[in-house]
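So the structure is just underneath, and the comments pick up after that.
The values are calculated or read from the model by the stated rules, or taken from the named source; none is laboratory data. Note that the structure is a prediction, hence the values are computed from the model and not measured. Neighbour counts are summed over all protein chains in view; Cβ atoms, including those assigned to glycine, are modelled from backbone coordinates with ideal geometry. The area values use the complete protein model at the heavy-atom level, side chains included, leaving out ligands, DNA and RNA. Shrake-Rupley method; radii C 1.70, N 1.55, O 1.52, S 1.80 Å.
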Amino acid sequence: MPSQNNNQSKKGKLYIVGIGPGSVEQLTVHAKNVIENADYILGNDTYLDQIESLITHQNVYRSSMGQEVDRAKEAVKMAENHVAVMVSGGDANVYGMAGIVIEVAERNNLDVDIEVVPGVTAMLASASVLGAPVVTDAATISLSDLLTPWDVIEKRLSFASQADFIISLYNPKSRQRTSNFERAIEIIQKYKPAHVPVGLVKNALRGDEQEIIVTTLGDVLNYNDWVDMRTAIIICNVDSRIWKSPHGDKIITPRGYQKKYEY
């Protein structure tokens, strides 16, 4: 009959790993190590393709967008006796898989350690290529009304705009949701002036796939047809400005140093 220690040694572990903006080079060292040493890796096709070079001996469970609950249930089941890794784009806590996986683990009284491994978010990846647009108070708002009612999204957009938060818009447009981005901009335009800089980044930090547009709130809807689910949008505050750098337009949001120090 197996000893208690042997039973305990069979317990697995569940990692929920943020893989960042999409290139292996942008993974944290810990995230890379966890993926490389897993027994099972779970994720949707897009995210698994992005880390394909790290998948060697691991068993892989693939599923499509919209199957997050099934994927979470499978991860919890595998983690009972194996090291299982659920991969999530960006950071697993920012519109990622951490919430649903931990909820399923709670419901199933999962008796193994769960570790959430952070990753670079779409907002921060986009900010890094735009210059310095996000250096003070900011809000992230998803325009997907699949799980959040649109009237709630409108309220969040209105209050964040009135408070002049820097606003990062996630999930701006899909094949089914073609008007939410335009509606969101119209709400924000009620409270922020037209000169406020706006950065749009498609495929942030994904090499040659990356595309950048720097514009203003008054002109951003001219790029409405360009925006899709791979686009992150950063709408700055009234103090932000566009720097016509010799190496391309950059956005600067002053934090206040110029009021206190000479430079």
Can you list residue pairs whose Cβ atoms sit under 9 Å apart, with the first residue in segment 207-227 being more than 22 Å from residue 253 (Cβ to Cβ) and modelled with pLDDT under 95 and the second being in a strand (DSSP E or B) and basic (Lys, Arg)? Count only pairs 6 or more apart in sequence or on different chains. 209/202
Any chance you could count how many residues in segment 76-95 are over 30 Å from residue 168 (Cα atoms) and in contact with a Leu (Cβ under 6 Å, 6 or more places away or on another chain)? 3
Verdict on residue 78 being open to solvent by 10 Å² or more (accessible area, probe 1.4 Å), hydrophobic (A, V, I, L, M, F, W, C) and under 19 Å from residue 115 (Cα atoms): yes
Of the residues that sit in segment 54-73 and are in contact with a helix residue (DSSP H, G or I) (Cβ under 7 Å, 6 or more places away or on another chain) and assigned to a helix (DSSP H, G or I), which one is most open to solvent (accessible area, probe 1.4 Å)? 73
Taking segment 223-248, which residues are touching a Pro at 6+ places or on another chain (Cβ under 9 Å), in a strand (DSSP E or B) and more than 25 Å from residue 94 (Cα to Cα)? 241, 242
Does segment 196-216 contain at least one residue that is of a type in the set (A, V, I, L, M, F, W, C), more than 28 Å from residue 257 (Cα to Cα), open to solvent by less than 20 Å² (accessible area, probe 1.4 Å) and in a helix (DSSP H, G or I)? no
Taking segment 172-194, which residues are modelled with pLDDT of 95 or more and crowded, with 19+ Cβ neighbours inside 10 Å? 172, 180, 181, 184, 185, 188, 192
So, residue 38, is that one open to solvent by less than 60 Å² (accessible area, probe 1.4 Å), small (Gly, Ala, Ser) and not in a strand (DSSP E or B) or not? yes
